[in-house]
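S.K.: Below are the structure tokens for one structure; questions will follow.
Just so it is clear, none of the values below were taken in a lab; they were calculated from the coordinates. Just so it is clear, the structure is predicted and the values come from calculations on it, not from any experiment. Methodologically, a virtual Cβ is constructed for each residue, glycine included, from the backbone with ideal geometry; neighbour enumeration extends over all protein chains shown.
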Amino acid sequence: MATLICPHCGMANRAGSNFCNNCGAHLRAEEPPLPPDVESAGEAHAAPEAHHPGGHDAPAADEADASAEWLAEQPWLRTGNEDDAQEHEEHDAKSSLPYPGSGRLVTGVQGLLPPLNLSSDGVTASPLAPAPSPFTGNDADAVQRLMGRTPTPAAAGMPAIPDTGAASARKALRLPWLFWLLGLVLLLPLLFRISGPVGAPRAWPGVTAAYLTVEDVARNSTVLAYWAYDPAVAGELDQVALPIMRHLINREAQIAVVSTVPGGPATARRVTAAAFYGNEPRSEGVNFSAERLQIADRMLLQNVYLPGGAAALPLVGQDIMAAVGGADNLSAPERVLPAEKPALVVLFAAQAEDVQSWLELVQPQFHADVAVIAATGAGADPMLRPYLDSGQLNGLVSGFDGGYAYADLLNRSRLPDEVQRLRTRLVTQNWGQIALLGVILLSNLAVLLGGRRES
Amino acid sequence: MEAFLTPELAATAGLWVGLIISLMLFSLLLGDNRPARLGQYLLVGAGLAYAVALAWRSVLLPRLFLPLREEPGDWQLWLPLLLGALLLLAGIERVVRQGSPAGPWRVLHTLGALPLALITGVAMSVGVIGAWQGTLWPQFSRAVVTGFPWTSPPAALINGVLMLLITSGVLVHLRSRPGFLAQQPPLLRGLLRGWAWIGARGLWLAAGVLFARLLLSRLTLTIAELEFLIARLQQTELGQWIGALWQQIVG
């Protein structure tokens with residue numbers, strides 16, 4: 001019931017989709033109405049655990065209930081036989097393809113963020129479908145109600161209720177409004193240039209250590225930068241990378257950039273140019289000329305794309321010249337990367353996995369001779385804290401607040417325009433956080449009150 | 001061409017294209033629609049095309065074809081070329097055969113599995129060894145060596161006890177299936193249940209911290225995008241006209 005089969009290619013798509021994920025055909029225009037008996041049969045198949053026909057012995061039923069209750073408390077463990085129904089649906093979706101292997105040619109392209117799935121009940125996994133929802137059973141019911149969606153019978157444990165016009169109207173009401181309101185909260189300080197009160201961003205442990213590690217690097221030393229982010233997440237990561245690149249340039253470091261992301265080298269030279277000229281890469285506008293980028297090229301010892309992903313990384317640790325050999329710095333061929341180990345490694349990465357890959361595959365070959373610091377997105381921070389505590393990372397700068405704190409340590413005199421922009425950004429960040437906290441608190445309150453009313 | 005495509009013109013064109021595609025993607029808030037899909041396809045297509053161009057310019061040409069022209073007898077260069085060609089042919093076979101049953105050309109598909117198996121095998125072995133030497137062993141050593149002697153300061157002592165309690169609680173929670181608990185003596189069952197309760201709260205706390213930081217990350221990304229669009233729009237004549245109008249309205 002919760003999947004839409006494409007009439008053109010037979011691909012199973014997520015409920016609510018208007019276009020097929022496989023062939024792009026319009027799903028709504030040719031969607032045939034399902035007869036009621038087919039619908040109810042589908043629900044019986046999708047939620048066998050929701051119906052308890054009398055007839056099976058009580059201990060077995062109790063055991064099943066206890067197990068289901070236990071699983072409802074630990075949804076992250078639902079990977080085994082408990083998910084048979086979902087696996088069957090996935091199998092059905094695959095078998096509905098016209099021939100084996102005729103699925104999507106390209107999936108999981110880096111840079112595209114999968115949407116949050118609020119309920120996995122009855123939703124068939126498609127190539128673009130996000131991971132199973134952490135909400136199951138009553139939780140899923142409550143979340144669906146909160147977001148204005150009609151709970152699926154499987155989630156609510158009740159017989160199917162035909163979808164009415166009122167339910168459909170409610171469906172499209174709340175979640176988009178929530179996003180629009182959040183967008184408005186973010187736009188207000190940006191449009192009106194509200195710059196106070198700001199407070200101070202929290203300097204998480206690791207920022208000062210990262211600063212001191214860079215400060216300890218001798219002048220003219222070689223610094224290896226592993227660039228694992230591209231323009232898709234540059235909005236956040238540039239704010240972290242920029243002060244560190246400025247610091248490296250101040251220390252007259254010889255910077256070599258290696259990237260496993262296609263867009264990495266271009267992002268690296270844009271940030272290098274901005275760091276050199278003291279501007280922000282995304283606010284340069286038309287003044288961000290080709291000449292400036294060429295100067296950035298000349299400042300970097302190497303700026304190469306290393307194909308092969310994480311599997312190619314061990315080569316960097318074994319023989320860096322072999323790893324980047326052949327792919328010379330085309331703008332400045334006279335600049336050659338020295339064969340000895342670098343004095344410092346800086347990891348610019350949006351995901352914790354990229355930092356982990358480096359620490360697992362390359363750093364053991366450098367032993368403890370080479371210091372390493374990481375500059376990451378805020379989302380990667382909790383995953384990387386253990387590496388900072390264990391001493392595998394010498395410093396960690398993450399997120400907007402980490403970049404802000406690092407820039408403060410640089411003690412560079414800021415222009416009035418830059419101060420105004422940073423203050424406005426900080427205010428916007430604060431407003432956004434307060435709005436999100438409000439949404440979370442109100443949602444919990446709604447679930448709490450809704451639960452009481454129903455009981 | 002260069003005279004026509006000046007950096008200024010390219011930057012202005014980039015601004016409008018970026019603005020339009022951003023709006024197309026934001027329109028997903030109104031529901032699934034054609035402009036939003038088109039925006040996604042444009043992004044994926046442009047990203048892939050750029051990756052192909054980059055792979056040719058910085059990998060295939062300087063590291064394979066140019067050396068091969070200089071030294072045609074070097075088998076170490078022919079091997080990657082052969083494996084790459086097999087993979088490419090398998091991909092072409094898949095694209096060409098779409099919608100029709102497998103025929104004799106299916107052999108290309110099978111041969112394409114060879115380089116794929118090589119890539120997967122190398123990646124897996126490298127990954128397993130790396131996970132051991134870079135994460136499992138150092139983290140385990142750190143956990144074992146740290147300890148907390150009884151002479152430690154109170155804060156460190158409390159921290160160590162909490163870490164031990166929550167870590168073991170999580171392990172008990174993950175292990176304590178209903179059947180397992182039912183087999184234990186009543187006293188131990190109560191103890192395990194309480195321990196598992198602490199572990200479950202620890203798990204939820206960790207998930208909450210992860211989610212909060214991820215949310216913060218996406219918030220920063222959204223703000224940067226909005227700020228970028230507003231700043232770039234203000235540089236255009238249209239933006240300045242809207243700004244002047246806005247000033248008159250607001251006073």
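S.K.: Can you give me the angle between helix B:237-250 and the longest principal axis of chain B, using Cα atoms only, in degrees from 0 to 90, rounded to the nearest 10?
M.R.: Between the helix axis and the principal axis of chain B, the angle is about 60 degrees.
S.K.: Mind putting a number on the dipole of the stretch B:153-251 about its Cα centre? Charges go on the C-beta only, +1 for Lys and Arg and -1 for Asp and Glu, and I need it in Debye to the nearest 20.
M.R.: With Lys and Arg at +1 and Asp and Glu at -1, about 780 debye.
S.K.: Averaged across A:231-237, how many Cβ atoms of other chains sit within 10 Å of each residue's Cβ atom?
M.R.: Neighbouring Cβ atoms belonging to other protein chains average 5 per residue here.
S.K.: Return the average number of partner chain Cβ atoms within 10 angstrom of each residue Cβ along peptide A:376-387.
M.R.: Taking the mean over all residues of the peptide, I get 5.
S.K.: Tell me, what ³J(HN,Hα) does each residue in the stretch A:243-260 have, in order and in whole Hz, if you take phi through Karplus 6.51 cos²θ - 1.76 cosθ + 1.60 with θ = phi - 60° and put x for Gly and Pro?
M.R.: Values per residue, Gly and Pro as x: x, 5, 5, 4, 5, 5, 5, 4, 7, 6, 6, 8, 9, 10, 10, 10, 9, 9 Hz.
S.K.: I'd like to compare A:235-245, A:264-274, B:206-216: which one has the highest average count of other Cβ atoms within 10 Å, and what's the full order after that?
M.R.: A:235-245, A:264-274, B:206-216
S.K.: Express the C-alpha Rg of the stretch B:104-188 as a ratio against the empirical globular expectation 2.2 N^0.38 Å, rounded to two decimals.
M.R.: My calculation over the Cα atoms of the stretch B:104-188 gives 1.97.
S.K.: Something else: Using a basic spin-label model with each label point 7 Å from the Cα along Cα→Cβ, how many nm lie between B:Leu174 and B:Arg193?
M.R.: 2.4
S.K.: Further, regarding this structure: Within a Cβ distance under 14 Å of B:Thr135, other residues only, what is the Lys/Arg minus Asp/Glu net charge?
M.R.: Around B:Thr135, the surrounding residues sum to -2.
S.K.: Using θ = phi - 60° and the Karplus form 6.51 cos²θ - 1.76 cosθ + 1.60, what ³J(HN,Hα) does each residue of the stretch A:231-236 get, whole Hz, x for Gly and Pro?
M.R.: Along the stretch A:231-236, the couplings run x, 4, 10, 5, x, 8 Hz.
S.K.: For the stretch B:153-251, calculate the relative contact order in percent as a whole number, restricting contacts to Cα pairs under 8 Å that are 6 or more residues apart.
M.R.: 24
S.K.: Turning to a different aspect of this structure: If packing is taken as the average number of other Cβ atoms within 10 Å across a peptide's residues, how do B:37-49, A:296-308, A:393-405 rank, most packed first?
M.R.: A:393-405, A:296-308, B:37-49
S.K.: While we're on this one: Given the options B:Val209, B:Asn159, B:Val170, identify the residue whose Cα lies farthest towards the positive end of the charge dipole of the stretch B:153-251 (+1 on Cβ of Lys, Arg; -1 on Cβ of Asp, Glu).
M.R.: B:Val170
S.K.: Hey, if you put +1 on the Cβ of every Lys and Arg and -1 on every Asp and Glu Cβ in chain B, which of B:Trp132, B:Leu188, B:Trp150 ends up farthest toward the positive end of that dipole?
M.R.: Sorting the options by dipole projection puts first B:Leu188.
S.K.: Amide H to amide H, which residues 5 or more places from A:Leu306 or on other chains are under 5 Å from it, using H placed in the peptide plane?
M.R.: A:Ser259, A:Thr260, A:Val261
S.K.: Count the net charge of all other residues whose Cβ sits under 13 Å from the Cβ of A:Gly395, scoring Lys and Arg as +1 and Asp and Glu as -1.
M.R.: -3
S.K.: Please list the non-local residues whose amide H lies under 5 Å from the amide H of A:Ala225, H modeled 1.01 Å from N, same-chain partners needing a gap of 5 or more.
M.R.: A:Ala256, A:Val257, A:Val258, A:Val346
S.K.: Right, another one. What's the average, rounded to a whole number, of partner chain beta-carbon atoms within 10 Å of each residue's beta-carbon in B:54-62?
M.R.: 5
S.K.: Residue by residue through the stretch B:15-24, what is 3J(HN,Hα) from phi via Karplus (6.51 cos²θ - 1.76 cosθ + 1.60, θ = phi - 60°)? Round to whole Hz and write x for glycine and proline.
M.R.: Rounded to whole hertz, the list is 4, 5, 4, x, 5, 5, 5, 4, 5, 4.
S.K.: Need one number: nm distance between label points at B:Tyr50 and B:Phe26, each 7 Å from Cα along Cα→Cβ, rounded to one decimal.
M.R.: Taking the simple label geometry, B:Tyr50 and B:Phe26 are separated by 2.1 nm.
S.K.: Taking H placed 1.01 Å from N in the peptide plane, check which residues at least 5 places from A:Ala25 or on another chain put their amide H under 5 Å from its amide H.
M.R.: Long-range HN contacts for A:Ala25: A:Cys20.
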